Amino acid sequence: MRYAMAIDTKRCVGCSDCVVACQTENKVPIGFCRDWIVETTTGTYPQLQMEIRSERCNHCTDAPCVRACPTKASHYGAGGIVTVDHEECIGCKACIASCPYDARYVHPEGYVDKCTFCIHRVEQGEHPACVAVCPTHAMTFGDMDDRMSDIFKLVSRRKWKTLIPEAGTRPNIYYLI
Amino acid sequence: MSKPVSRRDFIRLAGLGAAGLTVASPFFDWKHGEILARDTMPGLYTKRTPTYCEVCFWMCAGWVHHNEDGEIWKITGNEDDPHCNGRFCPRGTGGVGMYYDEDRLKTPLIRTEERGKQVFREASWDEAYTYIAEKMNLIKEKWGPECMALFTHGSGGHYLGNLLRAFGSNNIAAPSYAQCRGPREVGFIGTFGEGIDSPERTDIRDTKCLVLIGSHIGENMHNGQVQEFSDAVDKGATIITVDPRFSIAAGKSKFWLPIKPATDMALLLAWIHVLIYDELYDQKYVEKYAYGFDELKAHVKTFTPEWAYGITTIHPHIIRETAREMANASPSVIVHPGRHVTWYGDDTQRERAIAILNALLGSWGRRGGFYNPAKPSVPTHPHPPYPKPKRDWRYAFPDKYKLAGLALASGLCDATVPGVSRDCNVRGWIVNGTNLIQTLPDQKNTLAAIQALELIVVIDTMPMEITGYADVILPECTYLERYDDLRISAHREGSIALRVPAAEKKYNTKSAWEMARELGMKLGLADYFPFKTQEAELDWQLKEMGLSLDEMRKIGVKKFPRPADDLYPLEGLPDYEFYTNTGKIELYATQFEAEGYPALPTYTAHEEPPYGFYRLIYGRAPMHTFSRTGNNPNLFDLMEENVVWVNPKVAKEWGLRNDQPVWLENQDGVISSSSIKVRVTERIRFDSVYMVHGFGHTNAKLSRAYGRGASDSELITRVHIDPEMGGTGMRGNFVTFRLEGAPEVQS
């Protein structure tokens, strides 16, 4: 089983609903976030192209943060989700330095925090909060090892990319373009 | 001996157990990614109460969830609600911040110094009511009850409106009409006999071509509409966006027409010309339903794409190509009427041109065009007849704005300013949920009106600019702490939604229902408030409909099947009578002609920015609603301030860098009271600047929002009034940059 997310940059309007839904669901303190919106515009007026992405931890299959963590607080959990064990985390920030996606932050309580794919919801049969709230249905979550899953079919059918593939991290967030 | 399990090991083990659970989860069918059972999640949904959102006018229905301690935790959408389809927008999701905002109004206040000085003393509710009732009675005796006016936005308006009508005035206005969507309603009523209303009756879900004229869907987070927009994009619909700014919608469009601002009418007329003279219009539909085609054809003869090119800067071949795209998709095409359309003062006529385009394309009443909404009928509570007012707001404007269908907020404000030759000025205001200082254009005029009042009562949840000028502030509880009127929705299927309190009132606040009733008692109007509790009123209403409050508590939303199969009444071209004078779609508007207005739209050249000035364009951001969410901790976190968008060429001329703070000065020498950061971007024309509306708060009681970004409203001092319906055109203002602000005034 390999949990993954496909995010459709064509459907996304960049409203930040995923950000605030994550914050309320996971009680992320105000001033911090586990996911965020990136808008890139290329070209010069009036020949322009725009891409909007909801970004978060890529739950890399080859995660530098897991390698960098001296206490094994960062580890692979169920379905390959990269998880931080708050109890084991000593707040050394090695993972933050190693992450090419800037996906982690130090929680005011001293540990490093980031996207969990809302594993607490997934365990209960729900989608992650960002997926469940997205008004444009831009996000699809599921098991990439299951060839019958929505996400597998979507990623097979559509053109996609991952972020900073040259870092060799093998991300599990697919951006449909 | 086995090794004792340390706490950390235990947690690791618990994690493994959880992983095991996932595999065996009975709720999630991993094979197909389907949720099997939604509402049976133990732990996730310990307790939930139904509500509908009050952060904007879309009013999506949802559920408020509580944490283990019974406090409000999060809000999610109601799956059965056609406004949101189970998914709230960022503002709705962040609505919790409205409840938790520590800057809220917490107790009734009475002003002790002059208006605007923000010096108040705390008062009891009874004291506040007595003060208001005395002043209202004084106004009634001296000038008549018609001299009281109500400005309102949101669900409190229903109850306060009842109070005002019972008192003897129907001067009840919402800025959502004359400052926003009014021209669209008048333009479409003049053509099809029916307006667009809210939520818009646009069938974006099934459209093949959507034309957006300055309408920035996605940035205006009108939830259901944005959802359908994304579906349409995904399904390959052609999106044509006409906007001086490369909006989010433009980024998803096949055609972006970066039109020179204020020239939309020329483009619309050229499109009409192409549709008619290239015979691309729906001939059968027009022949059967339309009135005045020959007049229209003769009228647009000279409005060629070549003519429009010189005005709009849009190339003729693009005008022709886009017209053909629309015709190819006909009748599943929408030339979107927009929502905030009070731009240049000829807005009703521009909306007429949009309506005419839709008529030529045969999209009204057809799938993928404009559907026919169904609305459930809900009984209102019984009360004695309202006294008939001797005058209303129209009295102040003889022979003006004759097509206005609703009261004008700006009109009531103008009628308050003394020195106008009329025998009744408005003397008292009740302002509920609308920050008139930021909402109405021409702040100087608004302030002059306020200073002339005998009484101004502000009912709000937050200290806003307008509360600073109040004689009495009545603190309203947030929508999460109160019952409210049923939300009655006109949609593909009609529905009602219930709001019940999700928490005890956090402060010494009341709901509009309570305030209207208690104030009504003070004024001796008890007969108009027959119910002792709001629960009893709602239950009575629901029982009349064969439902009950208890049943609604469980479901939140009740949908009603359409009584007839008439969602697309003009499919198959049946006989049909429109609610117009001729019973036809009026390409030539007889109602307009009868009232002395042009029956066919024409292009008027609007003033252009002087040298060194840029047209001020404003719009929305998806995470804020006007100025009302600026201080909401959750939404402030998403967007703390607005920025001014500047084309790189302009930035180079002025030497502006990204994030550099500048002050904006308009054509009348008004300088923004706070600075705004520059965003250098290719996404805007070189003759315009853009900023999101609702920032630059000047009320220091808003601890987060105060002084953040700049206020566009402040810079809108020149207003172009729509002669047909009194809409306030606000896009005829020009600004230039000041690298330093006005010297600080010592206060």
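The values are calculated or read from the model by the stated rules, or taken from the named source; none is laboratory data. Please read all numbers here as calculations on a predicted model, not as lab measurements. Using ideal geometry, Cβ is built from the backbone for each residue, glycine included, and neighbour counts are taken over all protein chains shown.
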Subject >> Matching residues in the stretch B:588-629 - criterion: being among the small types (Gly, Ala, Ser) and without any contact (Cβ under 8 Å) to a residue 24 or more places away in the chain >> reply: B:Ala594
Original post:
How many residues, within the stretch B:425-482, are part of a strand (DSSP E or B) and hydrophobic (A, V, I, L, M, F, W, C)?
Top reply: 11
Original post:
Within the stretch A:72-80, is there a residue that is away from chain B (no Cβ under 14 Å), buried (at least 18 other Cβ atoms within 10 Å of the Cβ) and modelled with pLDDT of 95 or more?
Top reply: no
Original post:
Could we say that B:Gly190 is part of a helix (DSSP H, G or I), modelled with pLDDT of 95 or more and either β-branched (Val, Ile, Thr) or surrounded by fewer than 24 Cβ atoms within 10 Å (Cβ to Cβ) (or both) here?
Top reply: no
Original post:
Just for the stretch B:491-550: of the residues that are in contact with a Cys (Cβ under 8 Å, 6 or more places away or on another chain) and of a type in the set (D, E, K, R), which one is nearest to B:Thr380 (Cα to Cα)?
Top reply: B:Lys510
**OP:** Confirm whether B:Leu656 is within 28 Å of B:Thr698 (Cα to Cα) and either more than 14 Å from chain A (Cβ to nearest Cβ) or touching a His at 6+ places or on another chain (Cβ under 7 Å) (or both).
**Re:** yes
Original post:
So which residues in the stretch B:529-587 are in a loop (DSSP other than H, G, I, E, B), small (Gly, Ala, Ser) and surrounded by fewer than 15 Cβ atoms within 10 Å (Cβ to Cβ), if there are any at all?
Top reply: B:Gly546, B:Ser548, B:Ala564, B:Gly572, B:Gly583
Original post:
Just one of the numbered conditions (1) within 30 Å of B:Glu79 (Cβ to Cβ); (2) over 12 Å from the mean Cα position of the chain (by Cα); (3) away from chain B (no Cβ under 13 Å) is not true of A:Gly91; which one?
Top reply: (1)
**OP:** Using the structure shown, decide if B:Thr590 is touching a helix residue (DSSP H, G or I) at 6+ places or on another chain (Cβ under 7 Å) and either under 30 Å from B:Glu287 (Cβ atoms) or within 14 Å of another protein chain (Cβ to nearest Cβ) (or both).
**Re:** no
**OP:** Among the residues of the stretch A:136-151, count how many are facing chain B (nearest Cβ under 8 Å) and out of contact with any Ser or Thr (no Cβ under 8 Å at 6 or more places or on another chain).
**Re:** 5
Original post:
For B:Phe686, all conditions in the list (1) within 14 Å of chain A (Cβ to nearest Cβ); (2) surrounded by 19 or more Cβ atoms within 10 Å (Cβ to Cβ); (3) assigned to a loop (DSSP other than H, G, I, E, B); (4) hydrophobic (A, V, I, L, M, F, W, C) hold save one; what is the number of the exception?
Top reply: (2)
Subject >> Positions within the stretch B:123-171 being acidic (Asp, Glu) and at pLDDT 95 or above, in sequence order >> reply: B:Asp126, B:Glu127, B:Glu134, B:Glu141
Subject >> Residue list for the stretch B:667-683, restricted to those being within 13 Å of chain A (Cβ to nearest Cβ) and surrounded by fewer than 22 Cβ atoms within 10 Å (Cβ to Cβ) >> reply: B:Arg679, B:Val680, B:Thr681, B:Glu682
**OP:** With the condition kept exactly as written, say whether any residue in the stretch B:216-223 is in contact (Cβ under 8 Å) with a residue 40 or more places away in the chain, crowded, with 22+ Cβ neighbours inside 10 Å, assigned to a helix (DSSP H, G or I) and within 12 Å of chain A (Cβ to nearest Cβ).
**Re:** yes
**OP:** Within the stretch A:43-51, identify whether any single residue is among the hydroxyl-bearing types (Ser, Thr, Tyr), surrounded by 22 or more Cβ atoms within 10 Å (Cβ to Cβ) and not in a loop (DSSP other than H, G, I, E, B), and answer yes or no.
**Re:** no
**OP:** Evaluate the following for B:Leu616: is it in contact with a strand residue (DSSP E or B) (Cβ under 7 Å, 6 or more places away or on another chain) and outside any loop (DSSP other than H, G, I, E, B)?
**Re:** yes
**OP:** Quick one: in the stretch A:35-63, of everything that is within 12 Å of chain B (Cβ to nearest Cβ) and of a type in the set (A, V, I, L, M, F, W, C), which residue is farthest from A:Arg104 (Cα to Cα)?
**Re:** A:Leu48
**OP:** Filter the stretch B:232-246 for residues that are closer than 22 Å to B:Phe88 by Cα and more than 8 Å from every other protein chain (Cβ to nearest Cβ) and give the result.
**Re:** B:Ala232
Original post:
Looking at (1) within 28 Å of the chain's Cα centre (by Cα); (2) over 27 Å from B:Pro258 (Cβ atoms); (3) at pLDDT 95 or above, which is the one condition that is false for B:Asn699?
Top reply: (3)
**OP:** Inspect the stretch B:706-720 for any residue being of a type in the set (Phe, Trp, Tyr) and under 24 Å from B:Glu608 (Cβ atoms) and give the result as yes or no.
**Re:** no
Subject >> Some residue of the stretch A:23-34 being more than 7 Å from every other protein chain (Cβ to nearest Cβ), touching a helix residue (DSSP H, G or I) at 6+ places or on another chain (Cβ under 8 Å), farther than 28 Å from B:Trp63 by Cβ and not hydroxyl-bearing (Ser, Thr, Tyr) >> reply: no
